[in-house]
Every structure is written in structure tokens, then in C-alpha cells.
Amino acid sequence: MRETLIVAFLFFMTSIDSLLLIFSAIRLKRHPHPNAARLLVFLTLCAAHPLYSFAADTFFRLPGLRLASAVCIVYFAVRLAGEVPLTFRAAAVPKRTVGAIVGATLWLDALTSIDTSVLVSAASPSVWVTAVGNVIAMTALIALGPRLYGWITENPWVQIAIGSFMACSAVLQLRDEPLLPAWASPVPLFAASAILLALTALYGWRRHFG
């Protein structure tokens, strides 16, 4: 039970950014059937997360994969911090089809879940513990997600902070990137993450507050 709760906590704390990106991508606020869309996202994440976790040791250590993921996350983080307001997504046509929602959920979750998968893979070798912990975490996230998403869209400071820390975390995941052995040292790694956090926050500030 203790191991299951640890896995659930890891999934919950490291999947908040994924869920926000997914809700934004499927235009949840304008979706004609938001509850059905949330259920589909929930089922997709429950199926995908354990698979990502058990593939982590093999695929997520391939050269270049962490670097590509970091670049993509930085792009989305800067975009998240600087869009005025975040509800720009709500003005677009929602993703209504099952395939569109599942596809957006899978690729955005995979993009932001490398560190989550590695952590969970290390914390629990059991497929059942991982699956149950994931279901617990996803249930809590899906229940709280719309309120959290609405709160963020109404508070530019929170939007900027989340985007900045996402950019920072993207750089930190490069500590295990085989193509960048020099970044295994904490000095260049933390210096780069601090600089990127500051630049993202400055960009968001200028976009929101002029």
C-alpha cells in the first residue's frame, strides 16, 4: 500500500503540466461534451502511463531523445507563459473526435512524461502497483483539472510561473542525455536552467504586462 501511494504521489505531482497542456490542446473550455472528453483523457492516461514507465529504462535513455523532448517542452513552456490570455485556445475549434483527443493526449503526455516514467520505473518494478497508483493519481487530477485550468487562465502570474518552471525542468532532464556529457555536471546544468527560467518569465511578463 505504501509503495502504491508513493507511485500515486509521483504521478500526481509530475503530471499536472501534462494535463494542463492536454486540456489546452483539446480546447476543453469550448468542448461541446467536456465530461466525455475528460473521461476519454482519463482512460487514455490510465492506459498510457504504465506503458511509458516500463519502457523508460530502454527507450528514454536513447541518445538524443531527452534533448528532443527538452526542446519541445521549452517551446510549449514559452508559449504557455506568453499567450495573452491562455484562453486563446478556447477561441479555436475544439478537438471533438475520439482519435483527435486520444492522439493529443498520447503525444503531449509522452513529451512531458520522460522524468515521470523514469522516477516511477525506479520506485516500483511492479506493474500492478504502477497501474493502481496511476489510476489513483489520474482520478484526482481529472477531478481537479478543470478548476485548476480555470484558475490558471484567470491569473497571468500563475501562467507565467508554470511556463517558467516547465522550461527550467526541461533543461534539468538533460542531466542524463548521452549527447551532452558535460551537462552531467551540476554547474552548467543549473546555470542554464536558471537562465532559461528567467528568460521565460521575462517574456511572459512583457507579453502580459507590457
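The values are calculated or read from the model by the stated rules, or taken from the named source; none is laboratory data. Just so we're clear, the structure is a prediction, and the values are computed from it rather than from any experiment. Because the Cβ atoms are built from the backbone with ideal geometry, glycine has one as well, and the counts that use them run over all protein chains shown. Accessible surface is based on the protein model in full, side chains and every heavy atom, while ligands, DNA and RNA are left aside. Shrake-Rupley method; radii C 1.70, N 1.55, O 1.52, S 1.80 Å.
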Lone unmet requirement of (1) modelled with pLDDT under 85; (2) open to solvent by 20 Å² or more (accessible area, probe 1.4 Å) for Leu43 = (1)
inquiry  = Being at pLDDT 75 or above, out of contact with any Pro (no Cβ under 7 Å at 6 or more places or on another chain), surrounded by 15 or more Cβ atoms within 10 Å (Cβ to Cβ) and not acidic (Asp, Glu): is that true of Ala48 here?
reply    = yes
inquiry  = Among the residues of region 80-87, are any modelled with pLDDT under 75, over 17 Å from Leu108 (Cβ atoms) and open to solvent by 50 Å² or more (accessible area, probe 1.4 Å)?
reply    = yes
request  = Please go through region 154-173 and pick out each residue that is more than 16 Å from the chain's Cα centre (by Cα) and not aromatic (Phe, Trp, Tyr).
outcome  = Glu154, Asn155, Pro156
inquiry  = Criterion first (out of contact with any Leu (no Cβ under 8 Å at 6 or more places or on another chain), under 18 Å from Leu174 (Cα atoms) and modelled with pLDDT under 80) does Arg61 satisfy it?
reply    = yes
inquiry  = Just the residues that are part of a helix (DSSP H, G or I), open to solvent by 60 Å² or more (accessible area, probe 1.4 Å) and at pLDDT 55 or above, please, taken from region 88-99.
reply    = Val98
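Among the residues of region 180-193, is there at least one that is under 27 Å from Ala47 (Cα atoms), part of a helix (DSSP H, G or I), out of contact with any Leu (no Cβ under 8 Å at 6 or more places or on another chain) and at pLDDT below 85? Explain how you work it out, then say what you get.
Step one: of region 180-193, the residues under 27 Å from Ala47 (Cα atoms) are none.
No: region 180-193 contains no residue that is under 27 Å from Ala47 (Cα atoms), part of a helix (DSSP H, G or I), out of contact with any Leu (no Cβ under 8 Å at 6 or more places or on another chain) and at pLDDT below 85.
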Close pairs from region 146-166: first in contact (Cβ under 8 Å) with a residue 40 or more places away in the chain, partner among the aromatic types (Phe, Trp, Tyr) and open to solvent by 10 Å² or more (accessible area, probe 1.4 Å), Cβ under 7 Å, at least 6 apart = Ile160/Trp205
